[in-house]
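Undergrad: The structure that follows is given in the form of structure tokens.
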Amino acid sequence: MTTFIDSHAHLADPAFDADRDETIERARVTGALAVVAIGESIAAAERAADIAERHPGFVFFTAGVHPHDGADFDPLRDVEAIQRLVGDGAVAIGECGLDYHYDHSPRDLQRRAFASQLALAHELDRPVVVHTRDAEDDTRAMVVEAGRAGVRGVLHCYTGSHALAHAALDVGWFVSFSGIVTFRKWDDDALIRLVPDDRVLVESDAPYLAPVPQRGKRNEPAWVSFTVARVAAARGVDPAAIGLETTRNAIRFFNLPVNSESIT
Ligand SMILES: [Zn+2]
Ligand SMILES: [Zn+2]
């Protein structure tokens with residue numbers, strides 16, 4: 001069994017309403033040491049906080065506003081809400097970022113919401129979970145500026161260019177891989193290899209993006225084990241080694257109160 005931490009799961013999603021506790025238990029028995037429940041909206045973060053409270057020491061939560069909802073971001077109301085959720089124990093700000101693929105919100109409003117959350121991450125000294133899609137130039141500019149100011153972050157579910165990955169890594173950021181790397185059409189193992197051992201994370205992004213051989217089903221944290229195996233293969237190492245590295249990296253990145261000495 002490979003130890004891992006799912007660094008990004010939408011456990012508050014209604015897709016898990018019928019069997020959330022069983023899903024969390026399956027992750028645990030599959031080797032998960034922790035699951036980070038992503039709050040992609042204030043409402044989702046509040047639900048994620050409740051889930052974390054019911055699974056202390058195993059489920060942790062984040063709070064932020066997704067770029068899809070950038071148009072509805074209210075700098076006063078939402079910054080205050082995220083601040084309160086961080087006070088309640090949120091381990092990171094996000095997910096936030098820029099998505100010019102779907103353009104569900106106007107780009108200037110996405111940038112405004114992202115900038116607010118980067119500034120808050122700086123102010124509260126919390127890491128930031130960043131979603132970026134087809135927004136290379138603006139993401140690079142904002143990530144590099146924040147990184148130079150001391151903000152720590154992760155490019156989650158990353159499938160973008162090597163150049164953007166390098167820019168983020170250069171300012172000390174992390175890169176997280178999802179089940180996309182198990183898909184047949186995935187052809188960029190060099191991207192998986194370019195991330196240093198101490199900066200790589202793995203995630204489910206559940207309920208989306210179930211890895212092969214579960215592709216097409218509702219995804220769940222237990223299946224991160226397939227992604228760990230695929231990342232290990234790309235890097236030419238043992239899955240247990242990647243499991244261990246990514247586990248230690250997640251503990252360090254999110255400052256999780258999980259004993260990394262107990263990992264074998
Ligand atoms: Zn995302
Ligand atoms: Zn997500």
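Undergrad: What is the extension gain from Arg184 to Asp72, computed as 0.36 nm multiplied by their sequence separation minus the C-alpha to C-alpha distance, in nm to one decimal?
TA: 36.7 nm
Undergrad: With N residues in the stretch 70-184, what two-decimal value do you get for its Cα radius of gyration over 2.2 N^0.38 Å? Please report the intermediate quantities before stating the final value.
TA: Working: Rg = 13.7 Å, N = 115, 2.2 N^0.38 = 13.4 Å.
Output field value: 1.03.
Undergrad: Put +1 on the Cβ of every Lys and Arg and -1 on every Asp and Glu Cβ in the chain; which of Val36, Ile82, Pro106 then has its Cα farthest towards the positive end of the dipole?
TA: So the residue furthest toward the plus end is Val36.
Undergrad: What is the spin-label model distance, in nm, from His122 to Glu145 if the labels are put 7 Å beyond Cα along the C-beta direction?
TA: 0.9
Undergrad: Also: Ratio of the stretch 139-233's C-alpha Rg to 2.2 N^0.38 Å, to two decimals? Kindly include the intermediate steps, with their values, before the conclusion.
TA: Values: Rg = 13.6 Å, N = 95, 2.2 N^0.38 = 12.4 Å.
So the Cα radius of gyration is 1.10 times the expected 2.2 N^0.38 Å.
Undergrad: Between Val29 and Arg215, what length comes free when the chain is fully extended (0.36 nm per residue of separation minus the Cα-Cα distance, one decimal in nm)? Mind dumping the intermediate values first?
TA: Details: separation 186, 0.36 × 186 = 66.96 nm, distance 2.09 nm.
Value of the extension gain: 64.9 nm.
Undergrad: Below 8 Å between Cα atoms, with a sequence gap of 6+, how large is the relative contact order for the stretch 191-247 in percent? Don't skip to the answer; put the middle values down first.
TA: On the way: 64 pairs, mean separation 19.6, N = 57.
Relative contact order for the stretch 191-247 comes out at 34 percent.
Undergrad: Using +1 at the Cβ of each Lys and Arg and -1 at the Cβ of each Asp and Glu in the chain, identify which of Ala229, Pro67, Ala141 lies farthest towards the dipole's positive end.
TA: Ala229
Undergrad: For every other residue with a beta carbon closer than 9 angstrom to the beta carbon of His66, add +1 if it is Lys or Arg and -1 if Asp or Glu, then tell me the sum.
TA: Numbers: positive: none; negative: Glu40, Asp69, Glu95, Asp99.
Net local charge, His66 excluded: -4.
Undergrad: For the chain, would you read off the P(r) tail past 32 Å as a percentage of all alpha carbon pairs?
TA: Beyond 32 Å sits 14 percent of the P(r) for the chain.
Undergrad: Let me know the whole percent of all Cα-Cα pairs from the stretch 33-110 that are separated by more than 20 Å. Kindly include the intermediate steps, with their values, before the conclusion.
TA: Numbers: 952 of 3003 pairs.
It works out to 32 percent of all Cα pairs.
Undergrad: Nearest 20 debye, what's the magnitude of the dipole of the chain about its Cα centre given +1 on Lys and Arg Cβ and -1 on Asp and Glu Cβ?
TA: Numbers: 26 positive and 40 negative charges, 123 e Å.
Dipole size: approximately 580 debye.
Undergrad: I need two numbers for the stretch 1-137: Rg to one decimal and Dmax as a whole number, Cα atoms only, in Å.
TA: Radius of gyration, then largest Cα-Cα span, for the stretch 1-137: 15.0, 46 Å.
Undergrad: Kindly write out, for the stretch 7-14 in residue order, the coupling ³J(HN,Hα) from the Karplus curve 6.51 cos²θ - 1.76 cosθ + 1.60 (θ = phi - 60°), rounded to whole Hz, with x marking Gly and Pro.
TA: For the stretch 7-14, the Karplus-derived couplings read 7, 6, 9, 8, 5, 7, 4, x Hz, x marking Gly and Pro.
Undergrad: Which peptide among 16-25, 234-243 comes first, and what is the full order, when sorted by highest mean count of other Cβ atoms within 10 Å? Walk me through the numbers on the way to the answer.
TA: Values: 16-25: 15.2, 234-243: 16.9.
Output ranking for 16-25, 234-243: 234-243, 16-25.
Bear in mind these aren't lab numbers, they're just calculated from the coordinates by the rules spelled out. This structure is a prediction, so every number in the text was calculated from the model and none was measured. Backbone-built Cβ (ideal geometry, glycine too); neighbour counts: all protein chains shown.
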